[in-house]
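So the structure is just underneath, and the comments pick up after that.
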Amino acid sequence: MGLIQRSIEDQGIATISISLSKEITGKVRPPRAVFFGSLLGHPISYPGQVAHQLCVLRLLLKYLEEIRAPGTIVDIDAVVVDDCAAASPASM
């Protein structure tokens with residue numbers, strides 16, 4: 001994904017990745033990445049967990065704007081996402 005991201009970024013479009021492995025992401029060095037500590041196969045949560053998924057997407061958009069240094073991996077504690085989801089309206 002890092003190679004594809006860099007090509008897209010060369011066209012002036014900002015990108016961000018969800019990292020499932022900090023070690024692999026560190027070697028690939030995508031322009032921007034966020035590590036949530038998610039399980040493989042569930043990068044933004046389990047099916048039906050809409051509040052949790054929306055929190056992840058909001059955090060991705062936030063860091064898409066905030067990350068300036070290429071190769072940055074932001075490590076988000078799962079508790080932050082859980083707290084955000086708990087504060088979100090249950091019905092969407």
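Here are some notes:
- Cβ-Cβ under 6 Å pairs, at least 6 apart or on other chains, segment 2-14 side free of Cβ contacts under 8 Å to residues at least 12 places away in the same chain, far side assigned to a loop (DSSP other than H, G, I, E, B) and surrounded by 10 or more Cβ atoms within 10 Å (Cβ to Cβ): I8/T15
- In segment 48-69, the residues that are small (G, A, S) and surrounded by 14 or more Cβ atoms within 10 Å (Cβ to Cβ) form Cβ pairs under 7 Å with partners that are modelled with pLDDT under 95 and assigned to a helix (DSSP H, G or I), at six or more places apart or across chains, as follows: A51/A85.
- Cβ-Cβ distances below 6 Å connect the following pairs, each with a first residue in segment 70-92 that is surrounded by 10 or more Cβ atoms within 10 Å (Cβ to Cβ), a second residue that is at pLDDT below 85 and in a loop (DSSP other than H, G, I, E, B), and a separation of six or more residues or different chains: A78/G37.
The values are calculated or read from the model by the stated rules, or taken from the named source; none is laboratory data. Worth saying up front: this structure is predicted, and the values here are computed from it rather than measured. With ideal geometry, Cβ positions are generated from the backbone for all residues, glycine too; neighbour counts draw on all protein chains shown.
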